[in-house]
Amino acid sequence: MKHLFTLSLALILTTNSFAQITQVVRGTTVDSETQFPITGVKVQVFTNDSTLKLRAISDLDGNFRIENVPVGKHQLVATYMTYDNKTLTIEVTSGKEVIVKVPMQESFVEQKEVVVTARKKGEVLNDMALISAQKFSVSETDRYPGSRSDPARMASNFAGVGGADDSRNDIVVRGNSPLGVVWKVEGIDIPNPSHFAISGSTGGPVSILNNKILANSDFFMSAFPAEYGNSTSGVFDLNLRNGNNNRHEFTGQFGFLGTEFMGEGPMNKESKSSYLAMGRYSTLSLFQAMGVNFGTDAVPVYGDGALKMNWPLKKGGTIALWGIGGKSKISIVISDILENDPDAQELYGEGDRNQYFGTSMAVGGLTFKKPVNEKTFVTATLAHSYEEQHTHHDYILRSPNFADSSINIDSIYHLQDYSYEIMKTSAFFSLKKKVTKTHLIKTGINIDLFTFDMVDSVLQDIFTPGVFVKRWDYQGNAVLVQPFFQWKWRMTENMDFTAGLHSQYFTQGNSLSPAEPRIGWKLRMKNNQAIFAGAGMHSMTQPMYTYFYHKYDSLGNKILHNEDMGFSRSIHTGLGYEKAFKKMLNLKIESYYQSLYDIPVTVEPSSFSLINMGSGFQRFFPDSLENTGTGVNYGVELTLQKYFDKSFFFLISGTLFDSKYTGSDGIQRNTSYNGTYIVNGLAGKEFKLGEKSTISLGVKITMAGGKRYGYVDTAASNALQEIIYRDSLFNERQFQDYFRVDAKIGWKYNAKKVTHEIGLDLVNVTGQQNLLSLAYSPNLFDPSQEPTAEKYQLGFLPIFYYKIDFRPSVRDE
């Protein structure tokens, strides 16, 4: 650590300069609805120095360029006679040019001179979304304490969103299972973008997505527009940014979450084509050698990368080749632990087996975007993805040594293996048409072709080595088709209305949802107030591996007893109010009600429901299921947010909610995610140290209701060697409330052509012990005791990083 700080200081000293540090700000002005370039837009950058005249006019392709902009935070304002003014906050550093896309909305009424107050900061990119939507930026994933540069963890700061497990980034949206979250890139659904991802889940311990490759994106929580499907919970609609097409720039970073390098620049300056490529490899083993305890003695190994090459076409069109991928593995050798210490239980495993686990994920595609004319915009993407999980388990047969209170390992033998592979070819097409300035339509289709290869075998009797039975042995295909149509009507200058239809058909089980209506409405009133409402019908497939788990009949024939499962469905409704105050302060209150139905539950009466699955590191092995379960979520959310425009920001979000379900036994119970409340408070302040450096401080406090659990069935748990809860009392108990304090400290220095940044994210500063779950852990010295051990969330975790942005010292660059 000492040598690292010495190196950082040396780099800073060698790049120091007494001249004022400036940078280039450039970008493109486009119509927000058709993406057609707007010519003649006046773009100005306002700084604290009123004598500076920093302005430009966009050219025939909508491009503008402003030079000699001082480093710091400034306001960029774009004005054009027939469009509403657009204001953006930009952060200028010495290491990278600032490249922005300025979307402008056509004015409702043509005037010779338009003077309109800019819409509030944070408005989502998708102009069809009028309710339950949030825009998030790359800067926010870096700035928010505890976010770890992860879009999912950053989203957990929003009202109505909570985390399920500190060690993972699964998110619970309005009481729904994380299974209902969908990740989209360039219009297509992508596999779970997480390292160590359990099959069927949507999160994991470490995100494969690197925020350095992302542009501003949207997150939807309810009643989302008709173009989004196969989800009953939430949607991340991610945008990949383009590389700098004017000069080469590089970023290097070393930290707890990985050592990485990124490069971007022009491939051909005349055509303005660009590349962006990055790679990262885990450095957790280095921190373990330094004595940092991050929850396990096993060393996670992972690497990931991303690529985007972009070729501009005439009049705002582009062709982009892109890809994202990652690979991870971990070996959890419990047999090396000889002491009977429940605190030594591994974070990713149980105490009676050695586990060797690995995952892979990759997705790549070709995307074409083109404004056909000033009124029409088309998008087409063709992509292919691959995801894989595999494991090998060895069972450890142990006995107590009463002489010295140690544990004897009597034998170790093969317990189970599995390998799940899913390949998917995806196509997306959409056409957006501005019929008039008040009517906008968008229509399109998503098509996914799945190829499955799933194999799983396990000991028939855990105490009888060598006799295995297969639980999965399936190779096959399926197709998911999702057409949609959307319409937006700007009823008046201050009132918008949207309506749409989404349809969904899945060949596996012949599931069909012929018409899912979606509507939204928003009225902007005096004094920067607005009310909004929306509703929608939604459906989703089940985790793919659950369709192909099989049993055997009396003759030994394989029976795929859940291959005909249908969609889970839900109806979302919401109503809200918001008010924008001066100085970038915004208040929002939103209430919601969701009715869930056709949820898979067991045929035989029980408390089981797929509504409770989706978080953690375990798969589930359902009995015969039918789509007869129900659920209900309702609540009210409050958000008070001061956007980070100059040097200070804060966000206070609170949610009161209830989440219930009914299984096949007809009894209504709490879902596993019904904590009843979530409160987040975070704030940050940036202090300027001279003209070239800043220091930033941030803090976050989270409080939430404890996780639900039940009463352990000791006899069944001992028989199956895993925790089994009494069915009739499922989720009747609740752990103590969750409490966590995070802090973040950062320092940034702008030298000539180089920006240095050092940060320290302090997760769970107080070391609060928050209960996560119970684990099966029989007491070998006293078998009469309940065979459980308490598993806790993460303790204190410091996450350090050093980042450097720089560009070559070449005159033409």
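The values are calculated or read from the model by the stated rules, or taken from the named source; none is laboratory data. Every value quoted in this text rests on a predicted model; they were computed, and no experiment measured them. Counting neighbours? That spans all protein chains shown, and the Cβs are built from the backbone with ideal geometry, glycine included. What goes into the accessible areas is simple: the full protein's heavy atoms, side chains included, and nothing from ligands, DNA or RNA. Shrake-Rupley method; radii C 1.70, N 1.55, O 1.52, S 1.80 Å.
Points to keep in mind about this one:
- For region 309-333, filtering for residues that are within 26 Å of the chain's Cα centre (by Cα), among the hydrophobic types (A, V, I, L, M, F, W, C) and either open to solvent by 50 Å² or more (accessible area, probe 1.4 Å) or modelled with pLDDT under 90 (or both) leaves 2.
- Residue ID - surrounded by the most Cβ atoms within 10 Å (Cβ to Cβ), chosen from residues in region 525-558 that are part of a strand (DSSP E or B) and of a type in the set (Ser, Thr, Tyr): 539
- Any hit, region 224-247, residues being within 23 Å of residue 672 (Cβ to Cβ), of a type outside the set (S, T, N, Q), assigned to a loop (DSSP other than H, G, I, E, B) and modelled with pLDDT under 95: no
- Residues of region 523-544 satisfying the condition of being out of contact with any Leu (no Cβ under 6 Å at 6 or more places or on another chain) and β-branched (Val, Ile, Thr): 541
- Residues located in region 529-583, provided they are closer than 28 Å to residue 636 by Cα and basic (Lys, Arg): 569, 579, 582, 583
- Any hit, region 724-738, residues being open to solvent by less than 70 Å² (accessible area, probe 1.4 Å) and within 30 Å of residue 258 (Cα to Cα): yes
Condition check ((1) farther than 30 Å from residue 423 by Cβ; (2) open to solvent by less than 60 Å² (accessible area, probe 1.4 Å); (3) in contact with a Ser or Thr (Cβ under 7 Å, 6 or more places away or on another chain)) across all residues:
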residue	(1), (2), (3)
464	yes, yes, no
472	no, yes, no
483	no, yes, yes
491	yes, no, no
494	yes, no, no
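- Filter result for residue 140 (of a type in the set (Asp, Glu), out of contact with any strand residue (DSSP E or B) (no Cβ under 8 Å at 6 or more places or on another chain), open to solvent by less than 40 Å² (accessible area, probe 1.4 Å) and at pLDDT below 90): yes
- Within region 66-98, if we keep just the residues that are closer than 25 Å to residue 806 by Cβ and of a type in the set (D, E, K, R), the residue that is farthest from the chain's Cα centre (by Cα) turns out to be 67.
- Checked against (1) farther than 30 Å from residue 254 by Cβ; (2) modelled with pLDDT of 90 or more, residue 70 passes all but condition (1).
- Residues in region 412-428 that are within 16 Å of residue 463 (Cβ to Cβ) and open to solvent by 40 Å² or more (accessible area, probe 1.4 Å): 412, 414.
- Number of residues in region 700-717 that are open to solvent by 60 Å² or more (accessible area, probe 1.4 Å) and either more than 17 Å from residue 164 (Cα to Cα) or among the charged types (D, E, K, R) (or both) equals 2.
- When region 41-70 is filtered for residues that are in a loop (DSSP other than H, G, I, E, B), open to solvent by 20 Å² or more (accessible area, probe 1.4 Å) and not charged (D, E, K, R), the ones remaining, listed by number, are 47, 48, 50, 51, 52, 60.
- Here the strands (runs of 3 or more DSSP E) wholly within region 760-813 that include at least 2 residues being among the β-branched types (Val, Ile, Thr) are 797-806.
- Test: residue in region 244-252 that is over 23 Å from residue 324 (Cα atoms), in contact with a Pro (Cβ under 8 Å, 6 or more places away or on another chain) and open to solvent by less than 10 Å² (accessible area, probe 1.4 Å): no
- Residue check for residue 780: surrounded by fewer than 20 Cβ atoms within 10 Å (Cβ to Cβ) and either closer than 28 Å to residue 458 by Cβ or of a type in the set (Asp, Glu) (or both): yes
- Beta carbons closer than 6 Å, at least 6 apart along the sequence or on distinct chains, pair a first residue in region 586-605 that is over 18 Å from residue 654 (Cβ atoms) with a second that is of a type in the set (Asp, Glu) and assigned to a strand (DSSP E or B) for 603/626.
- Among residues of region 383-409 that are within 20 Å of residue 459 (Cβ to Cβ), those with a Cβ under 7 angstrom from a residue that is of a type in the set (Asp, Glu) and buried (at least 16 other Cβ atoms within 10 Å of the Cβ), sequence gap 6+ or separate chain, pair up as 395/352; 396/352.
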